[in-house]
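Heads up: the structure comes next, in structure tokens.
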Amino acid sequence: MKRLSLLSRQRTDWLPIGSAIRAAVRELKVRDGILTIFVPHTTAAVTINEGADPDVLADLTRALDRIVPWNADYAHAEGNSAAHIKASLIGSSVRVPVREGELHLGTWQEIFFCEFDGPREREVWVLADPL
Amino acid sequence: MKRLSLLSRQRTDWLPIGSAIRAAVRELKVRDGILTIFVPHTTAAVTINEGADPDVLADLTRALDRIVPWNADYAHAEGNSAAHIKASLIGSSVRVPVREGELHLGTWQEIFFCEFDGPREREVWVLADPL
Amino acid sequence: MKRLSLLSRQRTDWLPIGSAIRAAVRELKVRDGILTIFVPHTTAAVTINEGADPDVLADLTRALDRIVPWNADYAHAEGNSAAHIKASLIGSSVRVPVREGELHLGTWQEIFFCEFDGPREREVWVLADPL
């Protein structure tokens, strides 16, 4: 297992982690297998989406804020219920195929750590299942 | 594979299953690996979220009911379309790392079976991929 | 790894892929294990839901269109931001247990490729982790 350290810069943030994961794959010496990218937080998530146009991420931010408003009649006293809800909607892990030591993704796919209650320090865990 | 039996107590219910999964890990004698927690139902799901404050779950329930109202102009005659939709939004499985025989989760993470059409008897399957 | 080719017929489309995955399981000679069904696209997804009544899928389509309208004040110039957002809400992969060479699913479960920006040609990748 390889632990990545991340720093988010705003409440909602999409951090591309493909290149850090590629480095982890080399360190872990995975040749053919499937990675599990796991987020050990309850107000953050991980997703695969388009990496080419940052406008996609801006639209994702606004859509999620519309679906789960930050301010609503929430019971949770910490005030970050929206972040917990988004975390369960997006999910705590993704699977990523590895072939011949390289991430095997679709043309437009990038892996994003999804911050929903930043800015803060975060972690992502990279686990490899050999095939 | 280990089958867990569950009993949900209301239409939407969040059943913490971490301790039952810990028992399954001991029975399956998993030392280092990754679990797949799989829900074999189409109106239920599984998620990882905060286990400390039940208000988070109350907020999740209300947010999902707002996003996917129980009563709308649904076609499905059984009347539980909202539960099917929530099941696909949250997802049918999660991955959970195991290290030295223990669930390796973040500080605040608990695993929840998500009932969206209860109360009723349900199942969760615990599968282990050794590393 | 086995690559499935698919053809979606409309903007939002739910293609049942259980039987194609069963054929892949036979070709890959998986006896006991867990499949990862991976979608290499950023405007499509994969989910497990009810296969018996097509009305469930019609309700899913309408609910997602209500949650993420096709036309909104999106920044992404390609005009398909709603499809990207739905892709992250539903997810890029599912896990499916295999026992004695057969998909091991719940009674009502079918696996669906989820098209959110069709019609077009698509791919699904089937990867097997042996147990």
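Just the accessible area for residue A:1, please: 1.4 Å probe, Å², rounded to the nearest 10?
Counting only protein heavy atoms, residue A:1 exposes about 80 Å² to solvent.
So how much accessible area does residue B:127 have, in Å² to the nearest 10, using a 1.4 Å probe?
Around 10 Å² of this residue is reachable by solvent.
Can you list the residues of region B:42-60 whose accessible area drops by at least 50 Å² going from the chain on its own to the full set of protein chains, with a 1.4 Å probe?
In region B:42-60, residues shielded by partner chains: B:42, B:49, B:59.
Express the relative contact order of region B:2-130 as a whole percentage, based on alpha carbon pairs under 8 Å and six or more residues apart in sequence.
Dividing the mean separation by the residue count of region B:2-130 yields 55 percent.
Lysines near residue C:86 by alpha-carbon distance under 29 Å, same-chain residues fewer than 8 away left out - which ones?
Counting by Cα, and skipping residues close in sequence, residue C:86 has these lysines nearby: A:86, B:86, C:2.
Rounded to the nearest whole Å², what accessible area per residue is found for region A:2-130 with the 1.4 Å probe?
Working: 5050 Å² over 129 residues.
Per-residue value: 39 Å².
Rounded to the nearest 10 degrees, what's the angle between the helix B:81-90 long axis and the longest principal axis of chain B, both from Cα atoms, 0 to 90?
On a 0 to 90 degree scale, this one is about 30.
Given only helices, namely DSSP H runs of n ≥ 4 each adding -39500 (n - 2.57), what is the per-residue ellipticity at 222 nm of chain A, to the nearest 500 deg cm²/dmol?
Result for chain A: -8000 deg cm²/dmol, rounded to the nearest 500.
Could you check how much of the accessible area of chain A is carbon and sulfur, as a whole percent, using a 1.4 Å probe?
46 percent
With the cut-off at 1.5 for a/c, could you classify chain C from its C-alpha gyration tensor as rounded, prolate or oblate?
Prolate, since a/c reaches 1.5 and a/b exceeds b/c.
Report the accessible surface area buried between chains A and C, summing both sides, using a 1.4 Å probe on protein heavy atoms only, in Å² rounded to the nearest 100.
Using a 1.4 Å probe, the pair buries roughly 2300 Å².
Does the protein assembly as shown come out rounded, prolate or oblate, given a ≥ b ≥ c as the square roots of the eigenvalues of its C-alpha gyration tensor, rounded meaning a/c under 1.5 and, failing that, prolate meaning a/b above b/c?
Note, shape of the protein assembly as shown comes out rounded.
How much FRET efficiency would the formula 1/(1 + (r/R0)^6) give for residue C:73 and residue A:78, where r is the Cβ-Cβ distance and R0 is 30 Å, rounded to 0.05?
Working: r = 31 Å, r/R0 = 1.02.
Once the sixth-power term is evaluated, E becomes 0.45.
Please list A:62, A:22, B:31 from largest to smallest accessible area, probe radius 1.4 Å, with all protein chains kept in place.
Heavy-atom accessible area, descending, gives B:31, A:62, A:22.
Taking all protein chains together and a probe of 1.4 Å, list B:9, A:122, C:66 from the most accessible to the least accessible.
B:9, C:66, A:122
Can you give me the C-alpha center-to-center distance between region A:16-93 and region B:66-117, rounded to a whole angstrom?
17 Å
Taking a probe of 1.4 angstrom, what is the accessible area of residue C:74 in Å², to the nearest 10?
50 Å²
Quick one: with label points 7 Å out along Cα→Cβ, list the inter-copy distances for residue B:3 in nm, shortest first?
3.9, 3.9
Please give the average number of partner chain Cβ atoms lying within 10 Å of the Cβ of each residue in A:32-40, rounded to a whole number.
Other-chain Cβ atoms within 10 Å of each residue's Cβ, averaged: 5.
Residue A:102 to residue A:26: extension gain in nm, 0.36 nm per residue of separation minus the Cα-Cα distance?
Between residue A:102 and residue A:26, full extension yields 26.5 nm more.
The values are calculated or read from the model by the stated rules, or taken from the named source; none is laboratory data. Given the structure is predicted, the values throughout are model-derived calculations rather than measurements. Note that each Cβ is placed from the backbone with ideal geometry, even for glycine, and that neighbours are counted across all protein chains shown. These accessible areas exclude ligands, DNA and RNA; they are computed on the full protein's heavy atoms, side chains included. Shrake-Rupley method; radii C 1.70, N 1.55, O 1.52, S 1.80 Å.
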